[in-house]
Structure formats: C-alpha cells, structure tokens
Amino acid sequence: MKQKHTLTYFINSVVLLLFCVSLNAQNDSIPSTVNDSIKIKEKYGIRIGGDISKLARSFAEDDYSGFELKADFRLKKHLYLAAEIGFDDKNTVTNYLDITTKGSYLKAGIDVNMYENWLTMDNMVYMGFRLGFSSFSQELNSFKIYTTNQYWLPQYSSSDLKEFNNLSAVWAEIILGMKVELFNNLYAGVNVQLKLLASETEPDNFTNVYIPGFNKTYDSNNIGVGFGYSLSYRIPLYKKDK
C-alpha cells in the first residue's frame, strides 16, 4: 500500500514538472516587443523677426536710424534658408567730412545648426553664409581739403550740398550666432558678422564711407564687421519625427 502511494506521488510530480516546462516553452516562443510610446516631433516653419539692436540705435543715436527684418525657413534637420532686408540712414561726421548715407539692402543665404538639441529643445548655435546687395545714395553736406602744407590758412572748405545717387555694393559675409527659444515658438538671438566687399560703385572724386547693410568701410581693405540682436517668432507649418 505504501509503495502504491509512493508511485502515485512520483507520477503526479512528473506530470507537474512537464506542465511547467511546456508553459515556459510557450512563453519563450512569444516574441517580446519594446513598447516605445514616446515620439519627439521637430517643428518646421517660417520664422520672422527683427533686429532690435538697430531699433535701439535709432532711439539712442541722433546720427542713425534704420531697421532690419529677418526670416528663415527650416529646410532640413540642421539646414535653414535665411534672408534679411533692411534700411539704413547714417550721418558720418569727422574733422574733414560731413556726409549722409541712405539706402536699402538685401541679404540671402543659409544657416547650419551645429547644436544637437535634447528632447523637446529647439535652440541653435549656427554658422551662416550670406550674399548681400545694397542700393544707396550719398549726400555730401560739407568737406575740407586736407593738405600737408599747413602754411596757407584757412584750408579750402565747402558747404555746398552735393548728391550722389544710384550707388550700389555687393559683398559676402560669414555669420556666427545663436538662437534660444524663450517661449513656445518665440526666439531671442545674437550674431556677429564678418564681411568681404566684392564690388562697389563710388562717387566721382570721392569714396563710400558707409554702405547700408555692410556698415563702415575702411580705405586700407575691403573687410567689414557687424553684429545684431534679434527677436523672432516661428509660424509652425508642420512637424517631423526627431
């Protein structure tokens, strides 16, 4: 009787063991899936804004007024089409010269974002390239002719207004800058510009001392510099998976 009970216990144990092995085998045959429900979207659209440094100069400086509108469009993940259009009115006064420059300019090119954003961040640290064109006029308000021979005084001077119209200039520039998203789709930016003058038309017997968009010119070279602070808003058109 005792042997019969032992045999029954052994058989039940074997059946239970086989059942557990079979169940584990079935579980192992079910493919495991990774449930990744988090999808990050990157915004694509047109960003429009202005250079607030030019507006600040217009209020703070008596000899300058101007504005600049900016726009960019996100073409790819790190590539943007960009353009600026503006107007400058600058009065330059030195010991020998009083001249007013007025004109508009257009710059167009690309920006490349070198910053890899985390998750939902949408900031930029970028390098850009622009081709610039300016159309402007010069008004020579007064001037003095400088001579090395200071014996005969006074030196010749004139206050007759002279106008030089239909002037133009073309240049290339490299931009380094950054843009930070302050609030949803609202951005603040800062940039510096290195410019190389390619060509210009000059008045007869005179030189351009200021070119709208290019800024101050220097007799010794064709290099110019600039900087800007901006506020802009992106109009979101569509999104792509990050």
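The values are calculated or read from the model by the stated rules, or taken from the named source; none is laboratory data. Everything numeric here is computed off the predicted structure, so don't read it as measured data. Please note: Cβ atoms are built from the backbone with ideal geometry, for glycine as well, and neighbour counts cover all protein chains shown. Each accessible area value is taken on the protein alone, full model and side chains, heavy atoms only, with ligands, DNA and RNA left out. Shrake-Rupley method; radii C 1.70, N 1.55, O 1.52, S 1.80 Å.
Which members of region 203-234 meet the condition of being within 19 Å of D88 (Cβ to Cβ), open to solvent by 70 Å² or more (accessible area, probe 1.4 Å) and of a type in the set (S, T, N, Q)? Spell out how you get there, then give the answer.
First, pick out the residues of region 203-234 that are within 19 Å of D88 (Cβ to Cβ): 203, 206-218, 222-230.
Next cut, open to solvent by 70 Å² or more (accessible area, probe 1.4 Å) only: 216, 218, 222-223, 225, 227, 229.
Result: N222, single match.
What are the residues in region 87-117 that are in contact with a strand residue (DSSP E or B) (Cβ under 9 Å, 6 or more places away or on another chain) and either among the small types (G, A, S) or not in a strand (DSSP E or B) (or both), if any?
If the condition is that a residue be in contact with a strand residue (DSSP E or B) (Cβ under 9 Å, 6 or more places away or on another chain) and either among the small types (G, A, S) or not in a strand (DSSP E or B) (or both), then N95, Y96, G103, S104, A108, G109, M114, Y115, N117 are the ones that fit.
Out of the residues in region 72-86 meeting the condition of being in a strand (DSSP E or B) and among the hydrophobic types (A, V, I, L, M, F, W, C), tell me which one is nearest to S134 (Cα to Cα).
So the residue we want is I85.
Can you tell which of E84, E68 is under 21 Å from P236 (Cα atoms) and either exposed (fewer than 14 other Cβ atoms within 10 Å of the Cβ) or in contact with a strand residue (DSSP E or B) (Cβ under 7 Å, 6 or more places away or on another chain) (or both)?
One residue alone meets the criteria, E84.
Taking only pairs six or more apart or across chains, which ones have beta-carbon atoms under 9 Å, a first residue in region 173-190 that is free of Cβ contacts under 8 Å to residues at least 40 places away in the same chain, and a second residue that is open to solvent by 10 Å² or more (accessible area, probe 1.4 Å)?
Here the result reads L182/A188; L182/L231, each pair linking region 173-190 to a residue that is open to solvent by 10 Å² or more (accessible area, probe 1.4 Å).
Examine region 107-119 for a residue that is over 15 Å from the mean Cα position of the chain (by Cα), on the phi > 0 side of the Ramachandran plot and modelled with pLDDT of 55 or more, and state whether such a residue exists.
yes
Being at pLDDT 90 or above and either open to solvent by less than 90 Å² (accessible area, probe 1.4 Å) or part of a strand (DSSP E or B) (or both) is the requirement here; does L237 meet it?
Against the criterion (at pLDDT 90 or above and either open to solvent by less than 90 Å² (accessible area, probe 1.4 Å) or part of a strand (DSSP E or B) (or both)), L237 does not qualify.
Going residue by residue through region 184-202, is there one that turns out to be over 24 Å from A82 (Cα atoms), assigned to a loop (DSSP other than H, G, I, E, B) and open to solvent by less than 30 Å² (accessible area, probe 1.4 Å)?
Scanning region 184-202, I find no residue that is over 24 Å from A82 (Cα atoms), assigned to a loop (DSSP other than H, G, I, E, B) and open to solvent by less than 30 Å² (accessible area, probe 1.4 Å), so the answer is no.
I'd like to check something: does region 186-194 contain any residue that is at pLDDT 95 or above and farther than 24 Å from P212 by Cα?
yes
Give me the residue from region 145-180 that is among the hydroxyl-bearing types (S, T, Y) and part of a strand (DSSP E or B) and, out of that set, modelled with the highest pLDDT.
Checking each candidate, the answer is S168.
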